[in-house]
Amino acid sequence: MTEYYRDEQVTLLLGDALEQLRTLPDASVDCTVSSPPYFWMRDYGTGAAQYGLEPTPQDYLNTMREVMAEVHRVLAADGTLWLNLGDAYSQRKAVRLSSHQEGLHGAERGARPSWRESRAAGRARMSAENLIGGRPVTEKSLMMLPERLLIAMQDDGWILRSKIVWSKAYCTPDAAPDRPSGRWEPIYLLSKSSRYHWNAGAPGADRDVWEIPASRGGTVHTASYPLELPARAIAAGCPEGGLVLDPFSGSGTTGVAALASGRRYVGIDLSAEYHNVALGRLAQRELAA
């Protein structure tokens, strides 16, 4: 275990999610709320170990399955997992650098790197490289990554209780010219046993469509999800005073929601920079409380 920070309510672990999860005791976490890196979406500048930039989507699925198996182990018998995970299209694509890094808009010429530059840097891929089961996914097709992962997780013993539609009110839609623009993402509610903690009176617990504005990316972690999302999940699926885990902590949004509701928090991330941002946000939450 590599502790970056610890106090009575917060523990931040620095390092690979899978390696750090393996240091946690069995059945020690009451609730996990997380939005892992999406496949080939962004380069967060944390090197080859970062998730989401695996050579193929099959490698990505294999890695995520391993991580979720460890989450299953550390989750209490009556615990819940809330997983926000978006899909990806099989297409020619250059991964975006996280916006706090130099280079997203071109440090010298004020523009994004060219395709050739991105390809040379290993940040661009062709649809023929999107292999699942050894075969490329047809160009322009959704790869069904969340669904493939969730089926594998069911095979590993998870109980899939619900698929919630996160309707992104006031979001910036994507600009594809030949299909509907994406304005929602799934949130999966899972448990490891048929009896689990559930607060039926929590906001949103009575419906499977959550209309929540998308995060505006006000921190350096541009993929942060809105505070209301983990707040709802924690209120419904974590006992009072319980321990909340996010193996992809980022800027600490799950942790802020956990502390605000009187829970404790364990966050894991590869980046010390993101942990520093999280600590600032968590400190502000504590002062406000």
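Here, each number is a calculation from the coordinates, and none is a lab measurement. These numbers come from a predicted model, not from an experiment. Here Cβ is always computed from backbone atoms with ideal geometry, including for glycine, and neighbour counts include all displayed protein chains.
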Rounded if a/c under 1.5, otherwise prolate or oblate - segment 128-185, Cα gyration tensor axes: oblate
Overall dimensions of the chain by Cα: Rg and Dmax, Å: 18.6, 58
Partnerless cysteines (no other Cys beta carbon under 4.7 Å) identified across the chain are Cys171
So what J values fall out for segment 133-144 if you push phi through Karplus, 6.51 cos²θ - 1.76 cosθ + 1.60 with θ = phi - 60°, rounded to Hz, Gly and Pro as x? x, x, 10, x, 6, 3, 4, 6, 8, 4, 8, 6
Please give the calculated 222 nm ellipticity per residue for the chain, where each DSSP H segment of at least 4 residues contributes -39500 (n - 2.57) and the sum is spread over every residue; nearest 500 deg cm²/dmol? -8000 deg cm²/dmol
Between Arg65 and Ala27, what's the calculated FRET efficiency when r is the beta-carbon distance and R0 is 22 Å? Round to 0.05. 0.65
By how many degrees, between 0 and 90 and to the nearest 10, does the Cα long axis of helix 57-74 differ from the longest principal axis of the chain? 10 degrees
Taking H placed 1.01 Å from N in the peptide plane, check which residues at least 5 places from Leu13 or on another chain put their amide H under 5 Å from its amide H. Tyr4, Gly267, Ile268, Asp269
Round to a whole angstrom and tell me the spacing of the C-alpha centers of segment 1-70 and segment 110-144. 23 Å
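About its Cα centre, what dipole magnitude does segment 19-60 give when the only charges are +1 on Lys and Arg Cβ and -1 on Asp and Glu Cβ, stated in debye to the nearest 20?
100 debye
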Between Arg73 and Glu8, how high is the FRET efficiency from 1/(1 + (r/R0)^6) when r is the Cβ-Cβ distance and R₀ = 30 Å? Nearest 0.05. 0.75
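Of the listed peptides 28-37, 197-206, what is their order by residue-averaged count of other C-beta atoms within 10 Å, with the highest listed first? Walk me through the intermediate numbers first.
On the way: 28-37: 23.8, 197-206: 13.6.
Result, highest mean first: 28-37, 197-206.
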With +1 assigned to the C-beta of every Lys and Arg and -1 to the C-beta of every Asp and Glu, and no other charges, what is the dipole magnitude of the chain about the Cα centre in debye, to the nearest 20? 800 debye
Work out from phi, with θ = phi - 60° and the Karplus expression 6.51 cos²θ - 1.76 cosθ + 1.60, the ³J(HN,Hα) of each residue of segment 276-283, listed in order in whole Hz, and give x for Gly and Pro. 5, 4, 4, 4, x, 5, 5, 5
Calculated from backbone phi, Karplus (6.51, -1.76, 1.60) coupling profile of segment 263-275 in Hz, x at Gly/Pro: 9, 9, 9, 10, x, 10, 7, 6, 10, 5, 4, 5, 4
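Under the 0.36 nm per residue contour assumption, what length would be gained going from the current alpha-carbon distance of Ser162 and Asn199 to full extension?
Details: separation 37, 0.36 × 37 = 13.32 nm, distance 1.48 nm.
Additional length available on full extension: 11.8 nm.
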I'd like the orientation of helix 145-155 relative to the chain: the angle between its Cα long axis and the longest Cα principal axis, in ° from 0 to 90, rounded to 10. 40 degrees
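Pull out a ≥ b ≥ c, the square roots of the eigenvalues of the alpha-carbon gyration tensor of segment 1-94, then state rounded if a/c is under 1.5, prolate if not and a/b is larger than b/c, and oblate in the remaining case. Provide the component values of the computation, followed by the final result.
On the way: a/c = 2.25, a/b = 1.61, b/c = 1.40.
Prolate, since a/c reaches 1.5 and a/b exceeds b/c.
Given the peptides 178-188, 50-60, arrange them by the average over their residues of other C-beta atoms within 10 Å, most packed first. Display every interim value, and only then the final one.
Numbers: 178-188: 14.7, 50-60: 18.9.
The packing order, highest mean first, is 50-60, 178-188.
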Once you order the gyration tensor axes a ≥ b ≥ c over the Cα atoms, which shape class does segment 116-226 get: rounded for a/c under 1.5, otherwise prolate or oblate by comparing a/b with b/c? oblate
Residues with amide H under 5 Å from that of Asp43, placed H, sequence gap 5 or more: Arg96, Leu97, Ser98
Based on DSSP, what percent of beta bridges with both residues in the chain are antiparallel, to the nearest 5? 50 percent
